[in-house]
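Nothing in this text is a laboratory measurement; each read-out follows from the coordinates by a stated rule. These numbers come from a predicted model, not from an experiment. Cβ atoms come from the backbone with ideal geometry, glycine included; neighbour counts cover every protein chain shown.
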Amino acid sequence: MAQQPSQAGGFSRWLVRKLKMALAFLVVFVAGAVAMHLGMHAGDHAKMQALQAQVRDQQASLAQAQAAQAAAQSAADVQAGTQRALQDKVAQLQQQLGQVRDQLAFYEQLIPPGPAGAVAVRAFDVQPEGDFLHYRVLLSRNAAAGAQPFKGRMRFVALGTSQGKAVKIQLSPPQTPEADQTQAAAGAADPLALVFDQFQRSTGVLQLAPGLQVQSVRLEILEGDTVRATQDAALNRAASPAQEPHHDSH
């Protein structure tokens, strides 16, 4: 009877060893299965990583291509806008050129026949403005293409009365003594000087002497000391018909 406990304790130890052996076998089996599984799928994992790297590279290339396309489209839009602006400018210049040609054709009809270089007064008008006279002049010249420009000067002579006497007084643009000194020091151009090829428009103001009652004003076109053309204009009336131009006998 005393041996039963010893047999029970031996059985327990045997059972524990068996359980330990079974547990160790199970651990080895699971570890082997895991290793086998990882070994079987290691190639797929590497391939997946490679594919992911390719996807990232293709996405970067696509982004670069899209950016390049956007830049090219923007440049094309700018180029198209610039081209449209140039086309509009060319059309505008062509229209202006047509208008200038029409004006030139009109004025060419006004050029009187005569010797080459002949100068004529096409229009001359004066209007009183207080102590001043405002004048407008249109000149033409019968000049061949490539001819030297006409260089001369306008001279205005007032015909009227002063203190009950008939007078003839040369008129000049208004200038103060300070302006005279400034223009003399700066070498200012003569406001009555003329330099033109075929047509010349001039407007300006003339100073009236105190007490002068002007009846008309004579315009003289000078080349040097030679009078090339003249025309009279009465105040408050339309300009009189052009007088026959004076021509140099040489």
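What ranking do M21, M154 get, fewest neighbouring Cβ atoms within 10 angstrom at the top?
Starting with the residue having the fewest Cβ neighbours, the order is M21, M154.
May I ask you to derive the FRET efficiency for R201 and A68 from their Cβ-Cβ distance with R0 = 41 Å, giving the value to the nearest 0.05?
According to the calculation, E is roughly 0.10.
Which far-off residues, 5 or more places away or on another chain, put their amide H under 5 Å from the one on V167, with H placed in the peptide plane?
Residues meeting the amide H criterion: G160, T161, S162.
Enumerate the residues in the range 140-158 having an amide nitrogen under 16 Å from the point lying 7 Å beyond the Cα of A189 toward its Cβ.
Answer for this model: 149-154.
Just want the ordering: I169, I221, from fewest to most Cβ atoms lying within 10 Å of their own Cβ.
Working: I169 15, I221 25.
Fewest-to-most ranking of I169, I221: I169, I221.
Under the 0.36 nm per residue contour assumption, what length would be gained going from the current alpha-carbon distance of S61 and H134 to full extension?
18.6 nm
What ranking of S74, S162 emerges when the number of other C-beta atoms within 10 Å of each C-beta is taken as an exposure proxy, fewest first? Mind dumping the intermediate values first?
On the way: S74 10, S162 15.
With the sparsest Cβ surroundings first, the list reads S74, S162.
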